[in-house]
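J.: Here it is, the structure, as structure tokens.
The values are calculated or read from the model by the stated rules, or taken from the named source; none is laboratory data. Note that the structure is predicted; figures quoted are calculated from it, not measured. A quick note on method: Cβ atoms are made from the backbone with ideal geometry, for glycine too, and the neighbour counts reach across all protein chains shown.
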Amino acid sequence: MAPTIALGAREVTKSFPGVRALENVTFACAPGRVHALLGENGAGKSTLIKILTGDQAPDSGAVIVGDEEMSFGSPRDALAVGVTPVYQELTVLPEMSVLDNVMLGHESARRGVLRLREQREHARRALERVTLGGLDLNTIAGDLSLANQQLVEIARALVSKSNVLILDEPSAVLSGDKLEALHTVVRSIVAEGTAVVYITHLLDEVRDLADDVTILRDGRFVSTGPASEYPMERIVREMVGRQVDSVFPDPADRRDEVVLSVEGVVPRGADCVPVSLELRAGEIVGLAGLVGSGRSRLLKTLAGVRQRGDGRVSVGGRPLRASLGATIGAGVVLVPEERKRDGLVLELPVGQNTTLTALGSISTAGWISGAREAAAYAEERDRLGIRSSSGAQLAKQLSGGNQQKIVIAKWLRVGPRVLLLDEPTRGVDVGAKSEIYRIITELAAQGMAILVASSELPEVIGLSHRVLVFRDGAVVGEVARDPESSEKIMHLALGTES
Amino acid sequence: MTATLAPSPAPAPSAGRTVRDWVATAVRRGAAVWVIVAVLIVVLSVMRGGAFWSTGNIAALLTSAVVLGLVALGQHTVILSGGIDLSVGSMVTITTLLTAVLIDGYPIRTFPVILGMLALGALLGTINGLLVTKLNMPPFIVTLGMLYLVSGAALWISSTPAGQVTSALTEFAFGKLGPIPLSFVVLALAIAIIWFLLNRTVWGKQVFAVGGDLHSARAAGISTNRVLIWVYVTSGLLAAVAGILLAARSSIGSPTAGDGLELSAITVVVIGGTSLLGGRGTLLGTMGGVALLSLITNSITLLQFPSTITDLIRGVIIIAAVAVFVAKRRR
């Protein structure tokens, strides 16, 4: 008598400071079936998984295992009732051996003393199922490729007796034969009655593997049903789903002068097709694509944060050396994705954060003038509409939106000609978002050339004159500014339409 | 959130093993430090062969390694788990002092006092562990506080050397099993037990996992708090054993007996190639560190260098050893 719901969520809500990650999401995965959980980046899939596996507690709602409501205090509780996750962020311990990694958490032991032979047998059997049968059990896990580390982790999940296996986007690191092998494993454990929750961005996988589909969007439940009712078009439409809001000011006309010219650039250490693009004065170009598609990597390379492997970049017709100092000197700056880590000194006052890039302009012979610092901050505060109690308030005390404005202000102090923005509105509330959109549009109108990478489709479409779509590190298409183009972008990003 | 997970090409396995690979492997296995130990032994044999290999000197050498060795075993376990224990020196002090003061020459008290001291070490370790896990305080701060607290208590008990152990205990401390001092046998036993615990039990694997990555360990279903508490209990217990042996050897208790031992213990663990970040290290390496430090002290005596130079040489050795044998951290 199998339960009808192997793993599920009932009306789960979860908020993080400033962001509502999940709102009233209901989900149910039946035993012996593969359930594909789909949604754009930031739709709430990862948060849902963390709640289902006890890694985070929901603000309200309940997790259901085997038809019973559960309240998990830690991942340990979820594992105890047979819910085994394979997270996207690897939890393989790089310093430990393959054997210890596979058996971690469910060692064969008598009174705490390991039974070495049994350990090796179990590990060997699990590894064989994921095509790593030939691997030396004593290999240090950190020496393996990312794909093999992922397989080791899946082997770990196979050793434990799970009722539900959760695979969080294994195709992000697995491909070809290894992905095929994983599919074979998934089919065999499903045949044994295990439920599998499968997160993926590859819609081919959904077609090949899934029995059921659930779609999330913006932290909300959209629809669920058997996979046969979900042709690709429906999946893409429901994942994207919304209309582009009218909060985007119309961008001003671009000028003819080419400010940034990129020819055949390849980030160092990356194995991808060279990228070429041109950016004119006053132009805003959006970069769309899935997480890991190479947008951030390209921006970092253009900003000189990451080394260039190959290619040429010129600003205003003059070739640019691939160093951070030279790049800033030429007026190319990056507002980074990880605002708190790479953009701000959180423990410093906002005034000092703002002037950090241009200390020369507020100092004489190395002595900083407090008055000039205050004046510089006041100027940016008025220009960008920064709301802080004073220039002495600490950066960490500001809201996400005002923090982002400080980062933008900091780079405006160097008088940039090219502004690169990576996820400019992540963790920013709705009101501040439209202000940031206004700032970006105004800066372009003043003649700055702007590249914006964003996972939010309405944002890239609404802000930009044109959108470049990335997949596997390469530009796979260009789409004009048009609210109706979001589905086309999604198809390009997923590779479901040529 | 996961943008850093861009698939990067797998590191290509290098064709021939380079010298650096050999060194890295030697360091990871803890063998590197033994090379220096061997070199030092050869040097001493050549320069002062007779004096160095005399039974008296060997016994003294082994005995001098006992207290540091025991404390280093505990420190090794704590550092593996990603923590640090600065309170071990003060725990040695207080158990040394209390052993002498409480026994005070009465043979009948010997056994209960020894048991009491072991319990005290375990208790102090438990407090460390609870503060680190339940209150989520950094181990550095917790054990630093404990260091001052316990040292203060020791000085409060007696500000001058006090008490007296029984002759039976002293005899044990200076007794020998063939050429090997009995106290060294205690160390050997402790090494065997800790080796077994770390390498052949579930708890041992969990210590490595917790030290390697706390979040990953938790995700694998390990109750990390329990693992960590036992780590600090182990360290406290070993410090107590060291304290009892130190009292037996010096026959009276001193309120400064264990001063600086925590730093020596950290030193030998680091020289042995254990990562201060946790999750990687071998007992072989740590014991090599103990051997090296004991040999340095011994050689200074044998070579008739001024004893004041010990710390200077120690500093040079630490920096040199770590600089040469730094094992590159993965990822």
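J.: I'm trying to understand the selection: among the residues of the range A:269-285, which are out of contact with any helix residue (DSSP H, G or I) (no Cβ under 8 Å at 6 or more places or on another chain) and among the charged types (D, E, K, R)?
T.: Let us first name the residues in the range A:269-285 that are out of contact with any helix residue (DSSP H, G or I) (no Cβ under 8 Å at 6 or more places or on another chain), namely A:269, A:271-274, A:276-281, A:285.
Passing the criteria: A:Asp271, A:Glu278, A:Arg280.
J.: Suppose we filter the range B:38-49 for residues that are under 30 Å from B:Gly279 (Cα atoms) and either buried (at least 17 other Cβ atoms within 10 Å of the Cβ) or not aliphatic (A, V, I, L, M) (or both); how many remain?
T.: Keep residues of the range B:38-49 that are under 30 Å from B:Gly279 (Cα atoms), which gives B:38-40.
With the extra rule that they be either buried (at least 17 other Cβ atoms within 10 Å of the Cβ) or not aliphatic (A, V, I, L, M) (or both), the set shrinks to B:40.
Matching residues across the range B:38-49 total 1.
J.: Being at pLDDT below 95 and in a loop (DSSP other than H, G, I, E, B): is that true of A:Gly391 here? Spell out the reasoning first.
T.: Details: at pLDDT below 95: yes; in a loop (DSSP other than H, G, I, E, B): yes.
The answer is yes for A:Gly391.
J.: Still on this structure, please answer the following. Could you tell me whether the range B:234-251 includes any residue that is at pLDDT 90 or above, touching a His at 6+ places or on another chain (Cβ under 8 Å) and closer than 29 Å to B:Leu62 by Cα?
T.: no
J.: Please determine, by comparing only the residues of the range A:323-346 that are within 26 Å of the chain's Cα centre (by Cα) and assigned to a loop (DSSP other than H, G, I, E, B), which one is nearest to the other protein chains (Cβ to nearest Cβ).
T.: Within the range A:323-346, the match that is nearest to the other protein chains (Cβ to nearest Cβ) is A:Glu337.
J.: Within the bounds of the range A:184-202, is there any residue that is free of Cβ contacts under 8 Å to residues at least 40 places away in the same chain, within 26 Å of the chain's Cα centre (by Cα), surrounded by fewer than 21 Cβ atoms within 10 Å (Cβ to Cβ) and outside any loop (DSSP other than H, G, I, E, B)?
T.: no
Conditions tested, residue by residue: (1) facing chain B (nearest Cβ under 9 Å); (2) on the phi < 0 side of the Ramachandran plot; (3) modelled with pLDDT of 85 or more; (4) surrounded by fewer than 18 Cβ atoms within 10 Å (Cβ to Cβ).
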residue: A:Phe72; (1), (2), (3), (4): no, yes, yes, no
residue: A:Arg76; (1), (2), (3), (4): yes, yes, yes, yes
residue: A:Ala80; (1), (2), (3), (4): yes, yes, yes, yes
residue: A:Val83; (1), (2), (3), (4): no, yes, yes, no
residue: A:Gln88; (1), (2), (3), (4): yes, yes, no, no
residue: A:Glu95; (1), (2), (3), (4): yes, yes, yes, no
residue: A:Leu99; (1), (2), (3), (4): no, yes, yes, no
residue: A:Val102; (1), (2), (3), (4): no, yes, yes, no
residue: A:Leu116; (1), (2), (3), (4): yes, yes, yes, yes
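J.: List, please: which pairs have Cβ atoms under 6 Å, are six or more places apart or on different chains, and start with a residue in the range A:271-286 that is within 14 Å of another protein chain (Cβ to nearest Cβ) and end with one that is in a strand (DSSP E or B) and not basic (Lys, Arg)?
T.: A:Cys272/A:Ala474
J.: Scan the range A:122-169 residue by residue and report those that are part of a helix (DSSP H, G or I), touching a residue at least 40 places away in the same chain (Cβ under 8 Å), over 27 Å from the mean Cα position of the chain (by Cα) and more than 16 Å from B:Ala219 (Cβ to Cβ). Let's see the steps before the verdict.
T.: Kept after step one, since they are part of a helix (DSSP H, G or I), are these residues of the range A:122-169: A:122-129, A:141-143, A:146-159.
Keeping just the survivors that are touching a residue at least 40 places away in the same chain (Cβ under 8 Å) gives A:129, A:141-142, A:146, A:149-150, A:152-157, A:159.
Next cut, over 27 Å from the mean Cα position of the chain (by Cα) only: A:129, A:159.
A:Arg129 - this is the single residue of the range A:122-169 that is part of a helix (DSSP H, G or I), touching a residue at least 40 places away in the same chain (Cβ under 8 Å), over 27 Å from the mean Cα position of the chain (by Cα) and more than 16 Å from B:Ala219 (Cβ to Cβ).
J.: Within the range A:98-121, which residues are closer than 22 Å to B:Gly212 by Cα and assigned to a helix (DSSP H, G or I)?
T.: To start, the set of residues in the range A:98-121 that are closer than 22 Å to B:Gly212 by Cα comprises A:98-109, A:112-114, A:116, A:119-120.
Result: A:Val98, A:Leu99, A:Asp100, A:Asn101, A:Val102, A:Met103, A:Leu116, A:Gln119, A:Arg120.
J.: Write out, first by first residue and then by second, each pair whose Cβ atoms fall under 8 Å of each other, whose residues are 6+ apart or on separate chains, and whose first residue, in the range B:271-287, is closer than 23 Å to B:Leu189 by Cα and away from chain A (no Cβ under 13 Å) while the second is among the β-branched types (Val, Ile, Thr) and in a loop (DSSP other than H, G, I, E, B).
T.: Listed pairs, sorted by first residue: B:Gly272/B:Thr282; B:Gly285/B:Thr274; B:Thr286/B:Thr274.
J.: State whether one or more residues within the range B:91-102 are assigned to a helix (DSSP H, G or I), touching a residue at least 60 places away in the same chain (Cβ under 8 Å), more than 23 Å from the chain's Cα centre (by Cα) and more than 30 Å from B:Met146 (Cβ to Cβ).
T.: No: zero hits.
J.: Additional query: Could you list all residues from the range B:245-265 that are assigned to a helix (DSSP H, G or I) and buried (at least 24 other Cβ atoms within 10 Å of the Cβ)? Give the steps one after another, and end with the answer.
T.: At the first step, the residues of the range B:245-265 found to be assigned to a helix (DSSP H, G or I) are B:245-250, B:261-265.
Those that are assigned to a helix (DSSP H, G or I) and buried (at least 24 other Cβ atoms within 10 Å of the Cβ): B:Leu245, B:Leu246, B:Ala247, B:Ala248, B:Leu261, B:Glu262, B:Ala265.
J.: Going residue by residue through the range A:45-56, is there one that turns out to be assigned to a loop (DSSP other than H, G, I, E, B) and more than 9 Å from every other protein chain (Cβ to nearest Cβ)?
T.: At the first step, the residues of the range A:45-56 found to be assigned to a loop (DSSP other than H, G, I, E, B) are A:53-56.
Now drop any that are not more than 9 Å from every other protein chain (Cβ to nearest Cβ), which leaves A:54, A:56.
Within the range A:45-56, one or more residues are assigned to a loop (DSSP other than H, G, I, E, B) and more than 9 Å from every other protein chain (Cβ to nearest Cβ).
J.: While we're here: Output yes when any residue across the range B:299-320 is within 22 Å of B:Phe140 (Cα to Cα), away from chain A (no Cβ under 14 Å), assigned to a helix (DSSP H, G or I) and of a type outside the set (Val, Ile, Thr), and no when none is. Break it down stepwise before answering.
T.: Applying the first criterion (within 22 Å of B:Phe140 (Cα to Cα)) to the range B:299-320 yields B:315, B:318-319.
If we keep only those that are away from chain A (no Cβ under 14 Å) as well, we get B:315, B:318-319.
So of that shortlist, the ones also assigned to a helix (DSSP H, G or I) come out as B:315, B:318-319.
Applying the additional criterion that residues be of a type outside the set (Val, Ile, Thr) yields B:315.
Checking the range B:299-320: at least one residue is within 22 Å of B:Phe140 (Cα to Cα), away from chain A (no Cβ under 14 Å), assigned to a helix (DSSP H, G or I) and of a type outside the set (Val, Ile, Thr).
J.: Got a number for residues in the range B:288-316 being among the aliphatic types (A, V, I, L, M) and either surrounded by 19 or more Cβ atoms within 10 Å (Cβ to Cβ) or in contact (Cβ under 8 Å) with a residue 60 or more places away in the chain (or both)?
T.: If we filter the range B:288-316 for residues that are among the aliphatic types (A, V, I, L, M), which is where we start, we get B:290-293, B:295-296, B:300, B:302-303, B:309, B:312-313, B:316.
Add one more test, that the residue is either surrounded by 19 or more Cβ atoms within 10 Å (Cβ to Cβ) or in contact (Cβ under 8 Å) with a residue 60 or more places away in the chain (or both), and what stays is B:290-293, B:295-296, B:302-303.
Residues in the range B:288-316 being among the aliphatic types (A, V, I, L, M) and either surrounded by 19 or more Cβ atoms within 10 Å (Cβ to Cβ) or in contact (Cβ under 8 Å) with a residue 60 or more places away in the chain (or both): 8 in total.
J.: Test B:Leu147 against the stated conditions and say whether it is closer than 27 Å to B:Thr93 by Cβ and free of Cβ contacts under 8 Å to residues at least 40 places away in the same chain. Let's see the steps before the verdict.
T.: Values: closer than 27 Å to B:Thr93 by Cβ: yes; free of Cβ contacts under 8 Å to residues at least 40 places away in the same chain: no.
Spelling it out, it is not the case that B:Leu147 is closer than 27 Å to B:Thr93 by Cβ and free of Cβ contacts under 8 Å to residues at least 40 places away in the same chain.
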